[in-house]
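S.K.: Once you've had a glance at the structure underneath, I'll fire off some questions.
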Amino acid sequence: RVENGQSPELTGWRGFDLIDGRMKLNGRGHSMRNILLISAACAVLAACQGTTPASLAQAESHFAQGDLRTARVELMNLLAAQPANVGALALMTKIQIASGDGVGAEHSLDLLEKAGRKVDPGERAESLLLQDRCDKVDDLTAAHADNAVVVRVDALCTIRTGVPADGRVKLDAAVTRFPDDAPLLATRARLALIDGDMGKGMALAAAAAKADADDFDALMVNGELQARLGNMTASITWFDRAAKRNPLSMAPLVAKGEVQAVLKDRAAYAKTVDSLAALAPQSAALGAMKARLALMNGDARAAQAELLATRKVMADSPALQMLAGEIALALGNRDTAISELSRLIAVDPGNAPARLMLARALFENGDAVRAAAALRPVAARADAPRDYVAAMAKYAKAAGDADAARFALRATFPSPERIAGKLGEADTAMQRQDWRGAVRIYDDLMAETGDKPNVLVLNNLGWAHFKLGNHDRALALLARAAKAAPTDASVLDSYGWVLFKSGGDKAKARALLEKAAAAAPGNATIRQHLTEARGG
């Protein structure tokens, strides 16, 4: 999972619709009729904008280049003048499905049929799914059992309105029948990830990308897969590619925002919120993200206002419960926080951050016994974070718990199991050049070790920040590492090279690299760095 709580089960990222119906954002765009009215109100958009007359060829060219926004404007211009242009209607249908406008897509398909054009049954099925009209899909399935899109929609409708297990069986059979259909493979991959079957999810996600490297669903599921694997840099890259492939979809922005929230990258998260606001200013997803951003900015009251407005139009979910609990706790509304977080833990008992927040709310509400009971399942683990153990020691002592002294002793020293595990995760992140993920893990390790961080942690964290372009932070960390290990060749090389590449003191950079080369004369990378520094 990208963030704590259960991940929403998307039926298809085009419309950002959920299998369990927690969020309904589809069919809310302009219908074809509304689009034509908008066009008519401006007479002809091309004339209003001072551009050349629209043509189907121009729209098709923009669509082929992935510029769906411009293609849509061209089509609106064209359809304002030629409402029955079948080529324009056919292309508009694709764009409407891509943007999640099931109502508009269905209307365009109806106009195509009236014009004598045979419509794609897969597009008809997609338009119905986007409107939650699964009751109309059965007839299509019976008539078009050889259409991969129809089969996929039928399976998703079974998951949504029938028996989820039966829907998964249908998807497995469909994958066997259509082994090269990227959206189908991606859909089954995502359900495998939701089910916790990482092996199957990874295999299907790879197959989807192989079948069509530019397929939107394949890009999205691979982004989610990398997030679940902890490869944050790769995850954001996949979501960015998906956003470029379909700039009308909210899903890549929302997914990227979830990763940025986990990384606590407030500046990047704010930019993503701005992008979503420009794309879908009235969306419920935007309200939830604005609430999170307000909380990240320390404005809990603004966060509460955004959340309350969002909950009026968005069905409840674990993610919203978690956010509501955080906001309530920040405002000192402990009873509300206890209620929200208790409901969340009831369906997701392994949610460690939710348990930590619930325990804090209970303790501040004067119930140390329940606070200790809420936190014990995660604090008792050998690899529990130090702050969890310290909190448990505090609550246990107040509750008169016999284990209070044991937890207090554990809180004095970092957990060897946790440190070892985190170092392994960080090493993996560095090897795959997941600089964002590495920074997150090393920051956790810094928090665990307190005032005496490991030199390796300082060095690698500094290098990861350098790779992310955070030169000042990188130099500060590397200077600390060099002070702690003044003869370590790797540390001297990192510090000297970053100082040189960031435009710092060139003489000092060369001196550091010379010391590194002297300490490790056989290291080719250090020699290369020194040679370049001498030349610069």
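S.K.: Take the residues in the stretch 190-210 that are among the basic types (Lys, Arg) and out of contact with any strand residue (DSSP E or B) (no Cβ under 9 Å at 6 or more places or on another chain); name whichever of them is surrounded by the most Cβ atoms within 10 Å (Cβ to Cβ).
M.R.: Looking at the filtered set, the residue picked out is LYS200.
S.K.: Answer with yes or no whether ARG228 is among the basic types (Lys, Arg), touching a residue at least 24 places away in the same chain (Cβ under 8 Å) and open to solvent by less than 20 Å² (accessible area, probe 1.4 Å).
M.R.: Here the answer is no, as ARG228 does not meet what is asked.
S.K.: Additional query: Output yes when any residue across the stretch 300-307 is surrounded by fewer than 21 Cβ atoms within 10 Å (Cβ to Cβ), touching a residue at least 24 places away in the same chain (Cβ under 8 Å) and not polar (S, T, N, Q), and no when none is.
M.R.: Looking through the stretch 300-307, at least one residue is surrounded by fewer than 21 Cβ atoms within 10 Å (Cβ to Cβ), touching a residue at least 24 places away in the same chain (Cβ under 8 Å) and not polar (S, T, N, Q).
S.K.: Does ILE327 qualify as being out of contact with any Asp or Glu (no Cβ under 8 Å at 6 or more places or on another chain), within 20 Å of LYS290 (Cβ to Cβ) and buried (at least 22 other Cβ atoms within 10 Å of the Cβ)?
M.R.: Against the criterion (out of contact with any Asp or Glu (no Cβ under 8 Å at 6 or more places or on another chain), within 20 Å of LYS290 (Cβ to Cβ) and buried (at least 22 other Cβ atoms within 10 Å of the Cβ)), ILE327 qualifies.
S.K.: Additional query: Mind checking which residues of the stretch 382-409 are without any contact (Cβ under 8 Å) to a residue 24 or more places away in the chain, open to solvent by 60 Å² or more (accessible area, probe 1.4 Å) and touching a Lys or Arg at 6+ places or on another chain (Cβ under 9 Å)?
M.R.: The one that is without any contact (Cβ under 8 Å) to a residue 24 or more places away in the chain, open to solvent by 60 Å² or more (accessible area, probe 1.4 Å) and touching a Lys or Arg at 6+ places or on another chain (Cβ under 9 Å): ALA405.
S.K.: Just to be sure I understand the filter: pairs with C-beta atoms under 7 Å, separated by 6 or more residues or on different chains, first member in the stretch 460-489 and under 17 Å from ALA267 (Cα atoms), second member outside any helix (DSSP H, G or I). Which pairs pass?
M.R.: Matching pairs, first to second residue: HIS471/SER502.
S.K.: Turning to a different aspect of this structure: Filter the stretch 220-256 down to residues that are at pLDDT 95 or above and charged (D, E, K, R), then give me how many there are.
M.R.: 4
S.K.: Could you please give the count of residues in the stretch 51-90 that are of a type in the set (Gly, Ala, Ser), surrounded by fewer than 17 Cβ atoms within 10 Å (Cβ to Cβ) and either touching a His at 6+ places or on another chain (Cβ under 7 Å) or not in a helix (DSSP H, G or I) (or both)?
M.R.: Total satisfying the criteria: 3.
S.K.: Would you mind stating whether ALA227 is closer than 24 Å to ASP427 by Cβ and either acidic (Asp, Glu) or in a helix (DSSP H, G or I) (or both)? Even if it seems obvious, please write down each step before you answer.
M.R.: On the way: closer than 24 Å to ASP427 by Cβ: yes; either acidic (Asp, Glu) or in a helix (DSSP H, G or I) (or both): yes.
Spelling it out, ALA227 is indeed closer than 24 Å to ASP427 by Cβ and either acidic (Asp, Glu) or in a helix (DSSP H, G or I) (or both).
S.K.: What's the total number of residues in the stretch 69-80 that are hydrophobic (A, V, I, L, M, F, W, C) and at pLDDT below 90?
M.R.: Residues meeting the conditions: 0.
S.K.: Right, something else. Tally up the residues in the stretch 237-268 that are outside any helix (DSSP H, G or I) and open to solvent by less than 40 Å² (accessible area, probe 1.4 Å), please.
M.R.: Residues that pass the stated criteria total 6.
S.K.: So, ALA482, is that one under 18 Å from GLU425 (Cβ atoms) and either open to solvent by less than 60 Å² (accessible area, probe 1.4 Å) or assigned to a helix (DSSP H, G or I) (or both) or not?
M.R.: Taking the combined requirement at face value, the residue does not satisfy it.
S.K.: I'd like to check something: does the stretch 288-310 contain any residue that is of a type in the set (A, V, I, L, M), at pLDDT 95 or above and closer than 30 Å to PHE63 by Cβ?
M.R.: So far as the stretch 288-310 goes, yes, one or more of its residues are of a type in the set (A, V, I, L, M), at pLDDT 95 or above and closer than 30 Å to PHE63 by Cβ.
S.K.: How about the stretch 137-154: which of its residues are more than 16 Å from GLY167 (Cβ to Cβ) and either under 32 Å from the mean Cα position of the chain (by Cα) or open to solvent by less than 20 Å² (accessible area, probe 1.4 Å) (or both)?
M.R.: ASN147
S.K.: So, ARG534, is that one in contact with a Gly (Cβ under 9 Å, 6 or more places away or on another chain), open to solvent by 30 Å² or more (accessible area, probe 1.4 Å) and modelled with pLDDT under 95 or not?
M.R.: On the way: in contact with a Gly (Cβ under 9 Å, 6 or more places away or on another chain): no; open to solvent by 30 Å² or more (accessible area, probe 1.4 Å): yes; modelled with pLDDT under 95: yes.
Taking the combined requirement at face value, the residue does not satisfy it.
S.K.: Oh, and also: Check ASP434, ASP403 and return the single one that is out of contact with any His (no Cβ under 7 Å at 6 or more places or on another chain) and within 23 Å of GLN226 (Cα to Cα).
M.R.: Working: ASP403 fails: within 23 Å of GLN226 (Cα to Cα).
So the residue among ASP434, ASP403 that is out of contact with any His (no Cβ under 7 Å at 6 or more places or on another chain) and within 23 Å of GLN226 (Cα to Cα) is ASP434.
S.K.: Could you say which residue among GLY116, GLY100 is in a loop (DSSP other than H, G, I, E, B) and free of Cβ contacts under 8 Å to residues at least 40 places away in the same chain?
M.R.: Within the list GLY116, GLY100, the selection yields GLY116.
S.K.: Just to be sure I understand, how many residues within the stretch 231-247 are free of Cβ contacts under 8 Å to residues at least 40 places away in the same chain and of a type in the set (D, E, K, R)?
M.R.: 2
S.K.: Those residues that are under 14 Å from SER339 (Cβ atoms) and in a loop (DSSP other than H, G, I, E, B), I need them from the stretch 309-325; list them, please.
M.R.: ASP316
S.K.: Also, I was wondering about something else. Specify the residue that is farthest from ALA57 (Cα to Cα); the eligible residues are those in the stretch 91-121 that are of a type outside the set (D, E, K, R), over 28 Å from the mean Cα position of the chain (by Cα) and open to solvent by 20 Å² or more (accessible area, probe 1.4 Å).
M.R.: Step by step, filter the stretch 91-121, then rank; the result is PRO121.
The values are calculated or read from the model by the stated rules, or taken from the named source; none is laboratory data. Owing to the predicted nature of the structure, the values given are computational and were not obtained by experimental measurement. We place every Cβ from the backbone using ideal geometry, glycine too, and count neighbours over all the protein chains shown. Please note that ligands, DNA and RNA were not included when accessible areas were found on the heavy atoms of the full protein model with its side chains. Shrake-Rupley method; radii C 1.70, N 1.55, O 1.52, S 1.80 Å.
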